[in-house]
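> Starting off with a structure, shown below.
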């Protein structure tokens, strides 16, 4: 089994599956990828077609379950898989790896102990790890890969807070994981983007982030993560 799993929650974009796997092939990636699909997705049949087509690819798995939104889905799968993989990554279904052997770079950066690594998404760059990977012991220590009070947004801010607070974060500007987002003019608005970036969602997730950061939860998590670093390095 490979030691790196990338979890990709996806909804309403079955056409992204062959594009993502083409990016895996073009970059020579061997990392395993887990596509997490909602059973109530209106385009479920499209995902099932791709799951069947990729059934023989040992790198790829699909899981179909009840809708839990991005953070809920990510956490459920990350907690389940943490015991089987040394490293866990997240990408959105609108991320595409562009740099050869990017997954080898991830493994190399994380092999020295607990930490977080991210590349250049050509949109936020160093500012935000919109796609990121971490050692799985971070997930087992905290019990989640992202604070469950959030739904979709601001998770990248938390990952940066964790990495900076642990003093165990690496940004690789030459490792491109392109974010094909409408804000970069690289995708058309669809129902998923409109929902994730609605005024209500922006307000709710921003409020949840500031509460997490300022009301003690981040401090408590960093205490656990610093203890983990001390134990493992």
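The values are calculated or read from the model by the stated rules, or taken from the named source; none is laboratory data. All figures in this text were calculated on a predicted structure; none of them were measured in a lab. All Cβ positions, glycine included, derive from the backbone under ideal geometry; neighbour counts span all protein chains shown.
> Using the structure shown, decide if residue 46 is at pLDDT 95 or above and under 17 Å from the mean Cα position of the chain (by Cα).
Values: at pLDDT 95 or above: yes; under 17 Å from the mean Cα position of the chain (by Cα): no.
Considered against the rule, which asks whether it is at pLDDT 95 or above and under 17 Å from the mean Cα position of the chain (by Cα), residue 46 comes out as no.
> Go through region 1-40 and report how many residues are farther than 25 Å from residue 134 by Cβ and in contact with a helix residue (DSSP H, G or I) (Cβ under 7 Å, 6 or more places away or on another chain).
Qualifying residue count, region 1-40: 3.
> For region 220-230, which residues satisfy the criterion of being without any contact (Cβ under 8 Å) to a residue 60 or more places away in the chain and within 17 Å of residue 148 (Cβ to Cβ)?
220
> Would you confirm whether any residue within region 226-233 is at pLDDT below 85 and under 30 Å from residue 113 (Cβ atoms)? Spell out how you get there, then give the answer.
Taking region 226-233 first, the residues at pLDDT below 85 are 233.
Restricting the remaining residues to those that are under 30 Å from residue 113 (Cβ atoms) gives 233.
Looking for residues that are at pLDDT below 85 and under 30 Å from residue 113 (Cβ atoms), one finds at least one in region 226-233, hence yes.
> Can residue 163 be described as over 28 Å from residue 199 (Cβ atoms), buried (at least 18 other Cβ atoms within 10 Å of the Cβ) and within 16 Å of the chain's Cα centre (by Cα)?
Numbers: over 28 Å from residue 199 (Cβ atoms): yes; buried (at least 18 other Cβ atoms within 10 Å of the Cβ): yes; within 16 Å of the chain's Cα centre (by Cα): yes.
When the stated conditions are applied, residue 163 passes them.
> Among (1) surrounded by fewer than 24 Cβ atoms within 10 Å (Cβ to Cβ); (2) at pLDDT 95 or above; (3) in a loop (DSSP other than H, G, I, E, B); (4) touching a helix residue (DSSP H, G or I) at 6+ places or on another chain (Cβ under 6 Å), which single condition is residue 145 missing?
(1)
> Evaluate region 130-137: report whether one residue or more is surrounded by 18 or more Cβ atoms within 10 Å (Cβ to Cβ), more than 18 Å from residue 31 (Cβ to Cβ) and out of contact with any helix residue (DSSP H, G or I) (no Cβ under 7 Å at 6 or more places or on another chain).
No, the conditions are met nowhere in region 130-137.
> Being out of contact with any strand residue (DSSP E or B) (no Cβ under 6 Å at 6 or more places or on another chain) and either surrounded by fewer than 17 Cβ atoms within 10 Å (Cβ to Cβ) or touching a residue at least 40 places away in the same chain (Cβ under 8 Å) (or both) is the filter; apply it to region 30-45 and report the residue that is nearest to residue 61 (Cα to Cα). Before you say what the answer is, go through the steps one by one.
Of all residues in region 30-45, those out of contact with any strand residue (DSSP E or B) (no Cβ under 6 Å at 6 or more places or on another chain) come to 30, 38, 40-45.
Add one more test, that the residue is either surrounded by fewer than 17 Cβ atoms within 10 Å (Cβ to Cβ) or touching a residue at least 40 places away in the same chain (Cβ under 8 Å) (or both), and what stays is 30, 40, 42-45.
Working: 30: 13, 40: 19, 42: 20, 43: 18, 44: 15, 45: 16 Å.
In this case the residue turns out to be 30.
> For the structure I just gave you, tell me whether residue 6 is under 18 Å from the mean Cα position of the chain (by Cα) and either in contact (Cβ under 8 Å) with a residue 24 or more places away in the chain or closer than 19 Å to residue 140 by Cβ (or both).
On the way: under 18 Å from the mean Cα position of the chain (by Cα): yes; either in contact (Cβ under 8 Å) with a residue 24 or more places away in the chain or closer than 19 Å to residue 140 by Cβ (or both): yes.
It is true that residue 6 is under 18 Å from the mean Cα position of the chain (by Cα) and either in contact (Cβ under 8 Å) with a residue 24 or more places away in the chain or closer than 19 Å to residue 140 by Cβ (or both).
> When you go through 223, 231, 194 one by one, which is the residue that is more than 16 Å from residue 140 (Cα to Cα) and in a helix (DSSP H, G or I)? First the steps, then the outcome.
Values: 223 fails: more than 16 Å from residue 140 (Cα to Cα); 231 fails: more than 16 Å from residue 140 (Cα to Cα).
On inspection, the qualifying residue turns out to be 194.
> For the condition farther than 19 Å from residue 118 by Cβ, free of Cβ contacts under 8 Å to residues at least 60 places away in the same chain and buried (at least 16 other Cβ atoms within 10 Å of the Cβ), what is the one hit in 193, 212? Talk me through it step by step, then tell me what you get.
Working: 212 fails: free of Cβ contacts under 8 Å to residues at least 60 places away in the same chain.
Just a single option satisfies the conditions, and that option is 193.
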